[in-house]
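Please treat every number below as a calculation from the coordinates, not as lab data. Note that the structure is predicted; figures quoted are calculated from it, not measured. Every residue, glycine as well, gets a Cβ built from its backbone with ideal geometry; the counts of neighbours run over all protein chains shown.
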């Protein structure tokens with residue numbers, strides 16, 4: 001639940017302003033809370049999921065927000081379709097891509113376990129993007145682990161560099177996190193303290209691993225780290 005980390009939201013808005021971004025593309029809609037929050041931060045929000053039970057709740061939550069568009073598609077298909085339309089429209093603007101479509105199926109072969117890898121493969125060569133990978137193994141922060149494999153730099157390095165060989169990479173760390181609770185979350189536009197939201201807050205605060213989550217950012221130009229609560233990642237590093 002990245003919307004629970006105030007610093008991550010501030011980082012995304014700074015990146016929005018730095019690159020004059022109007023479109024926020026999200027994979028993994030879940031209940032639509034993150035898309036709702038970002039409807040206040042971006043002119044256009046596009047989000048996808050494949051689970052109908054999530055989509056039903058998300059569509060209900062997001063129906064009043066006309067700048068949010070929900071798609072019932074797998075994330076690689078969703079991204080592929082977006083890029084095709086982007087090129088048809090002759091666009092050259094930078095798009096913010098928030099990759100968060102994580103799920104685990106023990107019956108899948110190894111090459112299919114990580115949705116994010118398939119997302120990066122279809123993004124190959126699409127340079128007009130700022131990427132954000134949520135639940136990433138950054139500085140030991142909470143992250144996804146499937147069958148003993150971490151969602152970390154060794155896993156994504158090869159494919160994310162193929163998206164844009166000129167990417168610059170950054171991560172957060174615990175000192176840069178500022179987590180909302182039931183009281184402070186009230187200041188965040190787009191938040192209603194309904195059952196889903198309260199359940200997510202309770203779940204996030206249940207363990208430190210769930211509270212402090214890692215992020216990987218990839219940007220087309222270097223960032224001035226005096227302006228950001230991030231640290232640079234050396235692409236030759238063995239681990240973030």
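Taking a ≥ b ≥ c as the square roots of the Cα gyration tensor eigenvalues, with a/c under 1.5 meaning rounded and otherwise prolate when a/b beats b/c, else oblate, which class fits region 1-131?
Numbers: a/c = 1.45, a/b = 1.13, b/c = 1.29.
Note, shape of region 1-131 comes out rounded.
Give me the percent relative contact order of region 108-176, please, defined on Cα pairs under 8 angstrom at least 6 residues apart. Mind dumping the intermediate values first?
Numbers: 57 pairs, mean separation 25.5, N = 69.
Result for region 108-176 is 37 percent.
Is the shape of region 48-121 best called rounded, prolate or oblate, per the rule: a/c under 1.5 gives rounded, else a/b larger than b/c gives prolate, else oblate, with a ≥ b ≥ c the square roots of the Cα gyration tensor eigenvalues?
Details: a/c = 2.51, a/b = 1.15, b/c = 2.18.
It is oblate, given that a/c is not under 1.5 and a/b is not larger than b/c.
Mean separation of Cα pairs under 8 Å and 6+ residues apart, divided by the residue count of the chain: what relative contact order is that in percent? Kindly include the intermediate steps, with their values, before the conclusion.
Details: 429 pairs, mean separation 53.1, N = 240.
Rounded, it is 22 percent for the chain.
With only alpha-carbon atoms in the gyration tensor, what are the semi-axes of the equivalent ellipsoid for the chain, in Å, largest first? List each step's numbers first, then the result.
Values: eigenvalues 111, 93, 77 Å².
Ellipsoid half-lengths, sorted descending, are 24, 22, 20 Å.
Using alpha carbons only, how many angstrom separate the centre of region 54-81 from the centre of region 93-142?
Region 54-81 and region 93-142 have Cα centres spaced 18 Å from each other.
Using a simple spin-label model with points 7 Å from Cα along the Cα→Cβ vector, what separation in nm is obtained for residue 84 and residue 203?
With each label placed 7 Å out from Cα toward Cβ, I get 3.2 nm.
Which percent, to the nearest 5, of DSSP beta bridges fully inside region 2-233 are antiparallel? Please list the in-between numbers first.
On the way: 14 of 34 bridges.
Of all bridge pairs located within region 2-233, approximately 40 percent are antiparallel.
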